[in-house]
């Protein structure tokens, strides 16, 4: 009898497929934009752009990181007359900050939660 009671309790704790589906739908929320304030900036503007897939977003982030790697590896620096007033370090830091901002953190967290939900035994 104790075993039967334990089995009933286990079944009660497991989520039905319908409950899992509802929870999965809640996890598949649209991307949330990170809002942060930089020091000494009074007004912040939000800029958005569209991507067709997560693969495209990953490609864009990868390209930004590659540009920074190439810039850091270039021993001659930025040799363009149009860029003579730019600080190389600040330029690279700005691109790295942009790449970090583009990271889909909440989306990746949702995928982890979905995996945990759907693969639970």
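Read-outs: derived from the displayed coordinates by stated rules, not from any lab. These figures come from a predicted structure and were not determined experimentally. Neighbour counts run over all protein chains shown; Cβ positions are idealised from the backbone, glycine included.
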Quiz item: If R0 is 22 Å, what FRET efficiency do you get for residue 116 and residue 54 from their C-beta distance, rounded to 0.05?
Solution: 0.70
Practice problem: Evaluate the distance, in nm, between pseudo-label points positioned 7 Å from the Cα of residue 108 and of residue 91 along their respective Cα→Cβ axes. | Solution: 2.8
Exercise. For residue 14 and residue 26, compute 0.36 nm times the residue count separating them, minus their Cα-Cα distance, and round to one decimal in nm.
Key: 2.5 nm
Quiz prompt | Order of 82, 58, 66 under a 10 Å beta carbon neighbour criterion, fewest first | solution = 82, 66, 58
Exercise. Write down the Å³ per residue value for the convex hull defined by the alpha carbon atoms of segment 51-121.
Key: 109
